[in-house]
Amino acid sequence: MSDTSPTKGFISGGVGGVCLVLTGHPLDTMKVRLQTMPRPAPGQAPIYTGTIDCARKIFLKEGPRGFYKGMAAPLVGVTPIFAISFFGFNVGKAIQQSKPDDPLSYPQLFGAGMVAGVFSTLVMAPGERIKCLLQIQQSAATAKYAGPVDCAKQLYREGGIRSIYKGTMATFLRDVPASGMYFMSYEWLQQILTPEGQSRKDLSALRTLFAGGMAGVFNWLVAIPPDVLKSRLQTAPEGTYPNGIRSVFAQLMREEGIFALYKGVTPVMLRAFPANAACFLGYEMSMKFLNWAEQEMRTRF
């Protein structure tokens, strides 16, 4: 088994995903609240005037637990999602290599990252739908869903499996190009941060944190516009957007303009660096442990 085999990538990707969710979920909640708040009537103030106001109101009305609403769904789902994503990236690399350690060009790395996006979308879409619906609930007294399981049951009762998978194409449009950017930028930063005459295995934790954090930023620079469309589609009542993401885009352009595609960008970028730094650090530490364990087993047996 090579140092970057799909199997090791699967295990380590799950470890990295757990690290990402634990670090980034509070800012993800703020992002969804900002993206999905209704347009104010003429003369009325918006529910949230910005990121700081959103954080303040969540804390005052819902307490610290308000920032972690909906976390169970991505936390339970994140291990297979990120495991499959990193597995897909390593598969994407493997199909372009003659030997496991053959270097790849940046376009090839981008392509391998897009494969990861395809792999992860089918697993991610239902969790994203449930997460967003739970995150926009602002009061326990008026909450429609008691939790992720109750949310999934109600969605299935109301519209079957199609309702649970609502927004899958929007998730696909977000994650395929964004994953390409995510993995390519990480590999690029790893290479330029590696001191001359050394290998990537010698990189310090701080350099890995920086590379992972910046990869997250580059990822979201690509992902934020389709993410806005996805959030609106997945949280809207049935029938609001008859043509799916096309209807969301048309209404948004007509009523709010192109800058509405970047709603929630502040909490996204504030979250992107630390969450993805934690993700890649967890991934690299897990890979090092698995490589060490494999070597120990070969030595002893």
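Listing for the model above:
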| quantity | calculated |
| --- | --- |
| Number of the condition not met by Pro100 [criteria: (1) buried (at least 23 other Cβ atoms within 10 Å of the Cβ); (2) in a loop (DSSP other than H, G, I, E, B)] | (1) |
| Members of region 72-95 found to be under 16 Å from Thr23 (Cα atoms) and surrounded by fewer than 22 Cβ atoms within 10 Å (Cβ to Cβ), listed by number | Ala72, Leu75, Val76, Gly77, Thr79 |
| Extreme residue, most open to solvent (accessible area, probe 1.4 Å), among residues of region 21-50 that are in contact with a Pro (Cβ under 9 Å, 6 or more places away or on another chain) and closer than 16 Å to Gly212 by Cα | Thr23 |
| Meets criteria (crowded, with 16+ Cβ neighbours inside 10 Å and hydroxyl-bearing (Ser, Thr, Tyr)) for Tyr241 | yes |
| Residue satisfying all of: in region 254-301; basic (Lys, Arg) and open to solvent by 40 Å² or more (accessible area, probe 1.4 Å); nearest to the chain's Cα centre (by Cα) among these | Lys263 |
| Yes/no for Pro195 being open to solvent by 30 Å² or more (accessible area, probe 1.4 Å) and either under 22 Å from Phe87 (Cβ atoms) or of a type in the set (Asp, Glu) (or both) | no |
| Failed item in (1) without any contact (Cβ under 8 Å) to a residue 12 or more places away in the chain; (2) buried (at least 20 other Cβ atoms within 10 Å of the Cβ); (3) aliphatic (A, V, I, L, M), with Ala215 passing the rest | (1) |
| Listing of helices (runs of 4 or more DSSP H) fully contained in region 106-194 that carry 1 or more residues being under 16 Å from the mean Cα position of the chain (by Cα) | 106-135, 168-193 |
| Scope region 109-129; condition open to solvent by less than 30 Å² (accessible area, probe 1.4 Å) and over 16 Å from Met169 (Cα atoms); matching residues | Leu109, Gly111, Ala112, Gly113 |
| Selection count where residues are modelled with pLDDT of 90 or more, farther than 20 Å from Asp175 by Cβ and touching a Ser or Thr at 6+ places or on another chain (Cβ under 7 Å), scope region 185-219 | 0 |
| Matching entry among Gly16, Gly92, Gly77, Gly66 (being part of a helix (DSSP H, G or I), small (Gly, Ala, Ser) and under 22 Å from Gly213 (Cβ atoms)) | Gly16 |
| Selected residue (only one of Phe280, Phe273 is in contact with a Gly (Cβ under 9 Å, 6 or more places away or on another chain), of a type in the set (Phe, Trp, Tyr) and under 18 Å from Pro26 (Cβ atoms)) | Phe273 |
| Which numbered condition Val149 fails, given (1) surrounded by fewer than 18 Cβ atoms within 10 Å (Cβ to Cβ); (2) under 19 Å from Ser231 (Cα atoms) | (2) |
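The values are calculated or read from the model by the stated rules, or taken from the named source; none is laboratory data. Bear in mind that the values here come from a model prediction, so they are computed numbers and not experimental data. We place every Cβ from the backbone using ideal geometry, glycine too, and count neighbours over all the protein chains shown. Ligands, DNA and RNA are excluded from the accessible area calculation, which covers all protein heavy atoms including side chains. Shrake-Rupley method; radii C 1.70, N 1.55, O 1.52, S 1.80 Å.
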